[in-house]
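Written below as structure tokens is the structure these notes are about.
Just so you know, all these numbers are worked out from the coordinates, no wet-lab data involved. No experiment lies behind these values; they were computed from the predicted model shown. As a convention, Cβ positions derive from the backbone with ideal geometry for all residues, glycine included, and neighbour counts pool all protein chains shown.
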Amino acid sequence: MGTSSGTRYLTVGLLVPDVVQDVDEFLSVSGLCRTVGRGTGDVKDYTFFSYRTCLFVPDSRRQGVDEWDPRGWWPGPLSHLCPQLCGSEGALPREGPCLPRPLTAWQKLKQLNQFPDFNNYLIFVLTRLKSEDEPTRSLSGLILKNNVKAHYQSFPPPVADFIKQECLNNIGDASSLIRATIGILITTIASKGELQMWPELLPQLCNLLNSEDYNTCEGAFGALQKICEDSSELLDSDALNRPLNIMIPKFLQFFKHCSPKIRSHAIACVNQFIMDRAQALMDNIDTFIEHLFALAVDDDPEVRKNVCRALVMLLEVRIDRLIPHMHSIIQYMLQRTQDHDENVALEACEFWLTLAEQPICKEVLASHLVQLIPILVNGMKYSEIDIILLKGDVEEDEAVPDSEQDIKPRFHKSRTVTLPHEAERPDGSEDAEDDDDDDALSDWNLRKCSAAALDVLANVFREELLPHLLPLLKGLLFHPEWVVKESGILVLGAIAEGCMQGMVPYLPELIPHLIQCLSDKKALVRSIACWTLSRYAHWVVSQPPDMHLKPLMTELLKRILDGNKRVQEAACSAFATLEEEACTELVPYLSYILDTLVFAFGKYQHKNLLILYDAIGTLADSVGHHLNQPEYIQKLMPPLIQKWNELKDEDKDLFPLLECLSSVATALQSGFLPYCEPVYQRCVTLVQKTLAQAMMYTQHPEQYEAPDKDFMIVALDLLSGLAEGLGGHVEQLVARSNIMTLLFQCMQDSMPEVRQSSFALLGDLTKACFIHVKPCIAEFMPILGTNLNPEFISVCNNATWAIGEICMQMGAEMQPYVQMVLSNLVEIINRPNTPKTLLENTAITIGRLGYVCPQEVAPMLQQFIRPWCTSLRNIRDNEEKDSAFRGICMMIGVNPGGVVQDFIFFCDAVASWVSPKDDLRDMFYKILHGFKDQVGEENWQQFSEQFPPLLKERLAAFYGV
């Protein structure tokens, strides 16, 4: 590049990823980078372009904005950096010694940032250096954007003013890439609290919208759209004198602009304020809707996409305004869901998901199902690009190592203590996201959205959906083209939850067909068949085992050893669901199941190994102590312990392995003893290390990184599993460690999940070896008391449960601590909308407190007896329920008046028992007959007339009242 006389250039060779923290931002505005692979772990291939960025080096002695000039060379240390910043030896100034090479681009930039005027150079290159290529100018702007983000507050005022003025003066640059970069820079400055400090910004940008120059109007709109995205709440606030009152009507004027890009910007700006119901938009809502309808059939796909997005949001927040036009809107969305532009079709498809959540869905959509269902079903086919991205033509890839980008980050879910219920069956709804099987397309796409829409509509219309669907299904499921057949299997899985009852007559024929599809020659058919079969696992398990369970289990185990990694993953997940449903039905097949799962250990690549841990942990949870057989232990434990020994303390693969071992330890009970010591010690070490790192970070945040506390949480949960599984055998391990000291610290951690797991462990240690917990009770109880805060449901739940367990061990010695916790517990049980699990644990703990200290708790009986009874009526007979009911009986003995007003609830709770122990049954008998004798036969007759027939029957049969 030539230079004018008297100007010297410093040529900086920079590879984009080293300097632009938000690389994707650059790529999105420049369109220069191709993406290799898809999904959350995108691999960007930058190798085919890099830049020479020509930057002037500033004379930092100059101050004024108007007089600032890039020319001149300041011969300070910057000249020494030249060779390191150079992308091409030939472009270097010759003078100046060389520095050693190891400086990274980031370090070079850090050094340049010591010179205040460096940011002036960056804006100068972006806005005025027209001789440079656009990517270089844009890159300079994005480096400046990162500087603004990191330390705008320390920019000298003249530099900040110069940058702001240059942005506004050049928002109409001839290059769309430069305009977009300036827009990003403007909104970044605005987001640093500068909207209030830059009062001319919004008026100037709004004024520039009136420009007859297209570039100026488009640049200003692009900047405004970014500001609306980043600062929507602020724009609708008194702090800025509510500029939306002017901006919204202004934007609406541009819905009719001749340029599609401007129309698209205008809708996108207004769309930012729909969900927050901005008053300025609500005042103009009818005009807005009218303008949207006018643009409904716009030629530009981006405009149509924004129209669809607006209607979807309005459906959620202002359905009242759409109802008069609903028939037309539905017809429009039916067309748009088939739009030839997939982005438009996807945005329109969201409409059905949102409509399904509205009370009027059934009423307004029923007559349109005949059109809608085929459209959704058609959208569920893989597109050609999907198949390429999923490597749909690759049938065997089990030997190909996973790239790290393929593996989603895992987050451990802390342990929550729950109670067993009557007629309870496992419901994986909390952690199973029931997603169909194309994880590599982790972007939300039309196939996923169509499947999700069909799923939610099946839950709204139930069996009414089937007449529209069944004629299509048969043609799909038996179609010769694999892509069509695969979509039919997905359809069948999507409707499983909502249409289960209506599908039951067809399942005896369909399930064998699906099991057959597990052997299809196409891997994508085999994998979706795994997922769909898992959705019908509950029905399969309800049939005689030989009919469907055994064939399904056999074929799924074969697929677990499939040669295709996607099929392995789908089969493992499906098998985990089957395990949850089948529970002890699997016991006869344990040897075969374990042989398969253990063989997979030697076969799986990294990603599927993590899913395999989950399948093994779920198996242990499902079959429980049946796993505690020498033959099974010998198969299962060696590979697990080998993996345990291979992993380093800082390896996140420990998370799923620790979770798996926690389930295995609980199931194996004493069978885990030979393996427990090294596992226990490592868990204690993980907790200790994490606490030490957290302390160092707290004291010296500038020197140390914050630790990943998930390591500590999973370790605490595995210690819980050991305590629960080993029972009293854990005592010696606890005696030889400092776990109680560590637990005291964990119980006070700032992170709720750490406290949640700590209280679970405290409860388990209380049950297993109270001798080590008792000396700490005086210190632990106040901490437990302060955590009875339902704002953190799971923490509160586990603290409540732990207090109940401590009660049972302390007995009458609990007396000094009753007042510390009782009022909080009573408040929780009377709180509206408290989750069922927390209510149940609270009721159990109140009952247990009353059992050991009836004199202290009974005076408050009237304040909690009704919610107490309703909370526990559905709990299965067990030890926890037994101790709680003994407590309530003892409290009634101390304060019978406390139960009089709500005695019917007590009767109902007593009747919930199937087989109470004899002495507890006697306690119930005495209270019931005592009450009856007290009120007299006639009053009792009147009182018992209120009982539902079943309650009356049970009380008469069991207690003779």
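Below, the figures for the structure above:
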| read-out | value |
| --- | --- |
| Two-site FRET efficiency, E945 against V900, from Cβ-Cβ distance with R₀ of 22 Å, rounded to 0.05 | 0.80 |
| Rounded D (µm²/s) - the range 780-960, Kirkwood Rh over Cα pairs, Stokes-Einstein at 4 °C, 1.567 mPa s | 78 |
| Reachable lysines from K652, criterion Cα separation under 19 angstrom, eight or more residues apart if same chain | K408, K413, K607, K643, K689, K709 |
| Farthest positive-ward along the range 638-725 dipole, Cα basis, beta-carbon charges - from M695, P656, A706 | P656 |
| Rounded FRET efficiency, nearest 0.05, which uses the C-beta distance separating Q745 from Q629 and R0 of 35 Å | 0.35 |
| Protection-proxy order for peptides 864-873, 343-352, 515-524, each taking the mean of Cβ atoms within 10 Å per residue, highest first | 343-352, 864-873, 515-524 |
| FRET efficiency, Q934 to K836 (Cβ-Cβ, R0 25 Å, nearest 0.05) | 0.15 |
| 28 Å Cα-Cα reach of K256 towards lysines, excluding residues that sit fewer than 8 places from it in its own chain | K226, K305 |
| Net charge of neighbours whose Cβ lies under 11 Å from the Cβ of G850, counting Lys and Arg as +1 and Asp and Glu as -1 | +1 |
| Spacing of the two label points (7 Å from each Cα toward its C-beta) at K130 and L240, in nm | 3.2 |
| Simple label model, 7 Å out from Cα along Cβ direction - R736 to K110, nm | 4.6 |
| Amide N proximity, the range 124-141 versus N169 label position 7 Å along Cα-to-Cβ, cut-off under 19 Å | 124-132, 137-138, 140-141 |
| Cross-link partners of K926 among lysines (Cα-Cα below 23 Å; sequence separation of 8 or more within a chain) | K881, K917, K952 |
| Rotationally averaged projected area of the range 700-835 (alpha carbon convex hull; nm²) | 9.5 |
| Trypsin sites (Lys or Arg not before Pro) restricted to the range 251-324 and DSSP loop, no more than 14 other C-beta within 10 Å | R277 |
| GluC sites (Glu not before Pro) within the range 906-961, DSSP loop, no more than 12 other Cβ atoms inside 10 Å | E945 |
| Net charge over other residues, Cβ less than 13 angstrom from the Cβ of V730 (K, R count +1; D, E count -1) | -2 |
| Sparse-neighbour loop sites [GluC sites (Glu not before Pro); the range 639-673; at most 16 other C-beta within 10 Å; DSSP] | E650 |
| Proximal charge balance of A911 [Cβ under 10 Å; K/R count +1, D/E count -1] | +1 |
| Vicinal HN-Hα couplings computed from phi for the range 500-516 (Karplus, 6.51 cos²θ - 1.76 cosθ + 1.60; Hz; Gly/Pro x) | 3, 4, x, 7, 3, x, 8, 5, x, 8, 6, 4, x, 5, 5, 4, 5 |
| Pairs of Lys in the range 110-193 closer than 16 Å at Cα, counting only those 8 or more apart or on different chains | 7 |
| Gain in span if fully extended, H606 to A956, counting 0.36 nm per residue against the direct Cα distance | 119.8 nm |
| When each of K565/K836; K558/K635; K522/K635 is checked by Cα-Cα distance, pairs over 28 Å | K565/K836; K522/K635 |
| Extended-chain gain in nm, criterion 0.36 nm per residue less alpha-carbon gap, D708 and K774 | 20.7 nm |
